[in-house]
Amino acid sequence: MVTETRKPMAHRKPSPYTRSKEPSLDNNTLLDRLTYGVPSARRMLSPSLLVKKHDYIRSCLLSLGLTRADRDTVFFLLRLYAYYGKVYPKAPNYTEDCYTSKRSFWRAIAKLEDAGLVDRIHRYLNHLQISNAYRLDKLVLCIVHYLAEHGCPFLDSFTQNIIRQTANSFWGVVKTLRVRLRDPIPLSA
């Protein structure tokens, strides 16, 4: 008689779900997680602008101190942002599109998070984690401000107002700014 040996199941991270009667999240946090995504009227980078100003955006990313692998990751995320307004990529999709490893993707995301340019939002479905969402608002604001400094005209009033609000001391206060382009007041200290 032949017996089968069972293969061990893949280990998963424990679910952060707690079974208590009081909510673990306040209403602002729930609303922030449910309404992520920048509407098209407030997206400062369009797919055409991303293609037309590729060299300027590349030089902006170089000035931020990003390596080639990091810049590839940023352009991948910016393409998703410009098209959908939401960014929740999966690492296998990135490796197929950019011909690099998953590890370089995660390294670049960690570097962008440490710099404060990208915020990670954990997403769950049926109490199991699915792909993370990434908020690129501060990164997009840095790129748009760099483009405005180098002569790129922005015609929409939302982008012009944001650039006017941050005109004098942008690069000095960008690390302390809270940027949420979807909110009624997109910039706060």
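Tabulated results
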{"quantity": "Mean Cβ neighbour count within 10 Å, used as a protection proxy, ranking 71-84, 90-103 highest first", "calculated": "71-84, 90-103"}
{"quantity": "Pair Ser101, Gln129: separation of 7 Å Cα→Cβ label points (nm)", "calculated": "2.1 nm"}
{"quantity": "Per-peptide average of other Cβ atoms within 10 Å, ordering 53-59, 165-171 highest first", "calculated": "53-59, 165-171"}
{"quantity": "Long-range lysine pairs (8 or more apart or interchain), the range 39-179, Cα under 22 Å", "calculated": "14"}
{"quantity": "Cα-based equivalent ellipsoid, the range 39-179: semi-axes from gyration tensor eigenvalues, Å", "calculated": "25, 17, 15"}
{"quantity": "Radius 13 Å from Cβ of Ala108, net charge of other residues (Lys, Arg +1; Asp, Glu -1)", "calculated": "+3"}
{"quantity": "Projected label distance in nm at Asn161 and Arg58, using a 7 Å step from Cα toward the beta-carbon", "calculated": "3.5 nm"}
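Computed from the coordinates by the stated procedures, all read-outs in this text should not be read as laboratory data. Source: prediction; values computed, not measured. Quick reminder, even Gly has a Cβ in these numbers, built from the backbone with ideal geometry, and neighbours come from all protein chains shown.
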